1. Sorting 38, 32 on the 10 Å Cβ count, fewest up front, what's the list?
2. How far is it, in nm, from the label point at residue 21 to the one at residue 48 when both lie 7 Å from their Cα along the line to the Cβ?
3. For residue 95 and residue 129 in one chain, what is 0.36 nm times their gap in residues minus the Cα-Cα distance, to one decimal in nm?
4. Give or take rounding to whole Å, what are the principal axis extents of the alpha carbon atoms in region 3-99, in descending order?
5. Using 0.36 nm per residue of separation minus the Cα-Cα distance, give me the extension gain between residue 29 and residue 121 in nm, one decimal.
6. Label-point separation (nm) for residue 87 and residue 62, each offset 7 Å from Cα along Cα-to-Cβ?
């Protein structure tokens, strides 16, 4: 077996297990206590995805060992699997973020949505076509 890939897969499985089991969300780079509403869910999601990455790397290791033809593809397989799992993990982190209301975002007035702006625009165009002025 490829020793570095084996060690890497064991590392990710162990790290993911530690984050998942002990809810160590602070070890993940995407963790911001001000933005996360569910620390335990965040840690479980991140830890389980890290364990998934470790298992997939272990499977790649076994596949390369069984099929020597894949030795030239091992780097591309590792890159593809790693990017895929990490993208999936970071997209899933959005479930645990605090949703901001429009009032808390600067420059956006509550109740002044795109629909209201469009309605005001149509009224103004209608009034201009009719020859009257509107406020």
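Here, each number is a calculation from the coordinates, and none is a lab measurement. Just so it is clear, the model here is predicted, and its values are computed rather than measured. Neighbour counts are summed over all protein chains in view; Cβ atoms, including those assigned to glycine, are modelled from backbone coordinates with ideal geometry.
1. Working: 38 14, 32 11.
Listed from fewest to most nearby Cβ atoms, that is 32, 38.
2. 1.7 nm
3. Values: separation 34, 0.36 × 34 = 12.24 nm, distance 4.75 nm.
Using 0.36 nm per residue and subtracting the Cα-Cα distance, I get 7.5 nm.
4. Projected onto the principal axes, the Cα atoms of region 3-99 cover 48, 23, 14 Å.
5. Working: separation 92, 0.36 × 92 = 33.12 nm, distance 4.47 nm.
Result for the pair: 28.6 nm of gain on full extension.
6. 2.6 nm
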